Each structure stands twice: as structure tokens, then as C-alpha cells.
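The values are calculated or read from the model by the stated rules, or taken from the named source; none is laboratory data. Values in this document were obtained by computation on a predicted structure and should not be read as measured data. Quick reminder, even Gly has a Cβ in these numbers, built from the backbone with ideal geometry, and neighbours come from all protein chains shown.
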Amino acid sequence: MTDTTYTASLSGHSEQTVSEALRTLVRLAVNKTLSLPGHALQILIVWQKRTEARTQLAGMEYHLRQDLGLTRTDIRAETKKPFWTA
């Protein structure tokens with residue numbers, strides 16, 4: 001199992017989508033003034049925060065969702081997004 005396959009199986013995304021995310025990461029890093037490793041680290045941190053936020057959102061209790069004005073459909077739509085999508 002390659003690293004990409006392992007990552008895909010953990011995230012629930014196909015190898016193709018993980019590969020697409022990695023290509024996006026490199027493209028963004030190349031277009032910025034930061035070094036590739038520095039920019040890559042920043043992007044990975046953002047992706048991790050998105051994943052954590054979506055996990056918390058998925059487990060949110062009804063009354064909290066209601067306070068925020070979110071429906072189950074809203075939450076489902078947000079949590080189905082790939083980690084690299086805002």
C-alpha cells in the first residue's frame with residue numbers, strides 16, 4: 001500500500017482525489033513566495049483544522065445546531081466536502 005493509498009483509505013477519499021489534493025498543494029506553494037516546505041506545512045495545518053471542525057460539526061447536538069440555524073442537510077453538505085475544500 002502506497003502512502004497515497006493509505007491516506008486515501010484513512011480519509012475516505014479515492015487515490016485520485018488525494019492525488020488531486022497533493023497536486024493542488026504543490027501548485028499553490030509554487031505560486032507563493034514562501035518556500036515549498038513552509039507553505040506545505042501551512043496548508044496541512046489548515047486541512048487538519050477543517051477536518052477537526054467538520055468532525056465536531058457532524059457530532060453537534062440538535063439544540064446547538066438549532067442555535068446556529070443549521071439543518072442536518074447543511075451539516076451533511078459541509079461534512080461531505082473534501083478536506084482541501086473550504
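A quick yes/no check of all residues on (1) part of a helix (DSSP H, G or I); (2) at pLDDT below 90:
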position	(1), (2)
Thr5	yes, yes
Ala21	yes, yes
Ala29	yes, yes
Lys32	no, yes
Ala40	yes, yes
Leu44	yes, yes
Thr55	yes, no
Met60	no, no
Asp74	yes, no
- [ ] Specify the residue that is nearest to the chain's Cα centre (by Cα); the eligible residues are those in the range 35-78 that are over 17 Å from Ala21 (Cβ atoms) and surrounded by 14 or more Cβ atoms within 10 Å (Cβ to Cβ).
- [x] Glu78
- [ ] Pairs only if they're at least six apart or on different chains, beta carbon under 9 angstrom, first in the range 51-65 and closer than 17 Å to Lys81 by Cα, second of a type in the set (Gly, Ala, Ser); list them, first residue then second.
- [x] Thr51/Ser11
